[in-house]
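Can you keep this structure in mind? I'll have questions shortly.
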Amino acid sequence: MNALELFRTGRDYIEIAAILGMSVPSVESEIHRRRSAERGDTAQQDHAGAEIRRFPHRMRPGTPVNFAGGRRRQV
């Protein structure tokens, strides 16, 4: 029996985690993943391996940034 089937029997996450020998957060994510798969929602799988970017594509680290407006300040 998987986590989703146990959840549908009326058990809560803590009971399911104890039965399956998993942590509660992993039980929650497995239930969510299986429910999404049933609905045909694959958005999580599509973005699962996406790289995390710290900067927008056009900006390079070390580029001077002007937070005051569109032009550099003249001193």
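How much length is gained on full extension from Arg11 to Val24, taking 0.36 nm per residue of separation minus their Cα-Cα distance? Walk me through the numbers on the way to the answer.
Numbers: separation 13, 0.36 × 13 = 4.68 nm, distance 1.26 nm.
Full extension of this stretch gives 3.4 nm more.
Using θ = phi - 60° and the Karplus relation 6.51 cos²θ - 1.76 cosθ + 1.60, list the HN-Hα couplings for region 33-39 in order, rounded to whole Hz, with x at every Gly or Pro.
Coupling constants for region 33-39: 5, 5, 5, 5, 5, 5, 6 Hz.
Read-outs: derived from the displayed coordinates by stated rules, not from any lab. Keep in mind that what you see is a predicted model, and the values were worked out from it rather than measured.
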